[in-house]
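Heads up: the structure comes next, in structure tokens.
The values are calculated or read from the model by the stated rules, or taken from the named source; none is laboratory data. Not measured: the values here are computed from a predicted model. Here the Cβ is made from the backbone with ideal geometry for all residues, glycine too, and neighbour counts use every protein chain on show. These accessible areas exclude ligands, DNA and RNA; they are computed on the full protein's heavy atoms, side chains included. Shrake-Rupley method; radii C 1.70, N 1.55, O 1.52, S 1.80 Å.
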Amino acid sequence: PTELMVRVLLIQQLFNLSDEQMEFQLLDRLSFQRFVGLRHSSKIPDRTTIWTFKERLIQAGASESIFDAVNRQLSIHGYMARGGQMIDASIVQTPRQSINKEEKAIVSENAMPADWKPAKRRQKDIDARWTKKHGKSYFGYKLSANADKRYKLIRKIKVSTASEHDTLHFETVIDPGNTSRDIYADKGYVDGEREARLKGQGWRMHIQRKGSKDKPLSEAQERRNKRIAKPRAR
């Protein structure tokens, strides 16, 4: 049932579980079974069912609709976005793909080799991309997220390939429904032109500053960075 699978997806995201871990926890935890509406362990969806449901959501473009619907329910129950918003991006890694040069060329064109069988297609991620962070290489996606300062709940998200820069979706995830106009972000989001534009729209920008060898941060800037880091820590 669709509602049951939506509940599975929700609790899977809340606890940051893989499809395999989700299947195990549904078998192991009565609280999980009650939440998703299962009465008999023999009816528990396995990892393949969970994966297939998520693929169906992606193809239908329904993932963000479900996310927005959950947030509406949270707001109805009093958990409105309050106190300002914290924006950050994180890399979501996926298994590295073992493909040859010809296959890689096809995948780079956002296509899939015609000779791949259905089982192989399920195992290959043709949308993920490579990126580097602090000298290390990662393969996967980038999740830009906005959490409110009061409840620390994620209010808006944007998923992109890992190769896209963190700042690209900064304005996309700004939540106009937050009760405060304060926006907190780390030094990776420094952009004078954008900050001026958002200030002109009434937003109060709290973005950490970064120094350089030629121009290190002043003591005042260091203190400011620490003040911004405190509410962002979660």
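Packing, as the average of other Cβ atoms within 10 Å across residues, places the peptides 1-7, 56-62 in the order 1-7, 56-62, highest first.
Karplus-derived 3J(HN,Hα) values for segment 150-155, using 6.51 cos²θ - 1.76 cosθ + 1.60 with θ = phi - 60°, are 6, 9, 6, 8, 6, 9 Hz; glycine and proline are entered as x. Of all lysines in the structure, the ones whose alpha carbon falls short of 16 Å from that of Lys230, not counting any fewer than 8 places away in one chain, are Lys149, Lys152, Lys187. Each part reduced to its alpha carbon centroid, segment 28-46 and segment 111-155 end up 28 Å apart. Per-residue 3J(HN,Hα) values for segment 50-67, derived from phi via the Karplus relation 6.51 cos²θ - 1.76 cosθ + 1.60 with θ = phi - 60°, read 5, 4, 4, 5, 5, 5, 4, 4, 4, 4, 8, x, 9, 4, 5, 5, 5, 4 Hz in sequence order (x marks Gly and Pro). Extending each Cα 7 Å along its Cβ direction at Gln59 and Glu195, get the distance between those two points in nm, one decimal. For Gln59 paired with Glu195, the spin-label model returns 4.6 nm. Using only the Cα atoms of segment 38-173, build the gyration tensor, take square roots of its eigenvalues as a ≥ b ≥ c, and label the shape rounded, prolate or oblate: rounded if a/c is under 1.5, else prolate if a/b is larger than b/c, else oblate. Oblate.
Averaged per residue, what accessible surface does the chain expose to a 1.4 Å probe, in Å²? Intermediate values should be presented prior to the final figure.
Values: 15350 Å² over 234 residues.
In whole numbers, the chain has 66 Å² accessible per residue.
Placing a pseudo-label 7 Å from each Cα along the Cα-to-Cβ vector at Asp125 and Ile91 gives an inter-label distance of 1.2 nm.
Candidates Thr172, Pro95, Ser160 compared by Cα position along the dipole of segment 64-188: farthest toward the positive end lies Pro95, with charges placed on Cβ.
Can you bin the chain into rounded, prolate or oblate? Criterion: square roots of the alpha carbon gyration tensor eigenvalues sorted a ≥ b ≥ c, rounded for a/c under 1.5, prolate for a/b above b/c, oblate for the rest. Since a/c reaches 1.5 but b/c is at least a/b, the shape of the chain is classed as oblate.
With contacts taken as Cα pairs under 8 Å at a separation of at least 6 residues, the chain carries a relative contact order of 17 percent. Database remark: amide H of Gly211 closer than 5 angstrom to the amide H of Leu217 (H placed geometrically; neighbours at sequence offset of 5 or more, or on other chains; Pro and chain starts carry no H).
Calculate the dipole size of the chain relative to its Cα centre from +1 charges on Lys and Arg beta carbons and -1 charges on Asp and Glu beta carbons; express the result in debye to the nearest 20.
Working: 46 positive and 29 negative charges, 179 e Å.
Around 860 debye, computed over the chain.
Say the dipole of the chain comes from +1 at the beta carbon of Lys and Arg and -1 at that of Asp and Glu; which of Met112, Gln25, Ala81 then lies farthest toward its positive end? The residue sitting most towards the positive pole is Ala81. Between Ile66 and Ile99, the modelled labels are 2.5 nm apart [label points 7 Å from Cα along Cα→Cβ].
Stretching Glu219 away from Thr49 to a fully extended chain increases their span by 55.7 nm, per 0.36 nm per residue minus the current alpha-carbon distance.
The lysines whose alpha-carbon is closer than 26 Å to the alpha-carbon of Lys101, local same-chain residues fewer than 8 away aside, are Lys117, Lys120, Lys124, Lys132, Lys133, Lys136, Lys142.
Ignoring any ligand, DNA or RNA, what whole percent of the accessible area of the chain comes from carbon and sulfur when the probe is 1.4 angstrom? Intermediate values should be presented prior to the final figure.
Details: 7740 of 15350 Å².
After summing per-atom areas, the C and S share lands at 50 percent.
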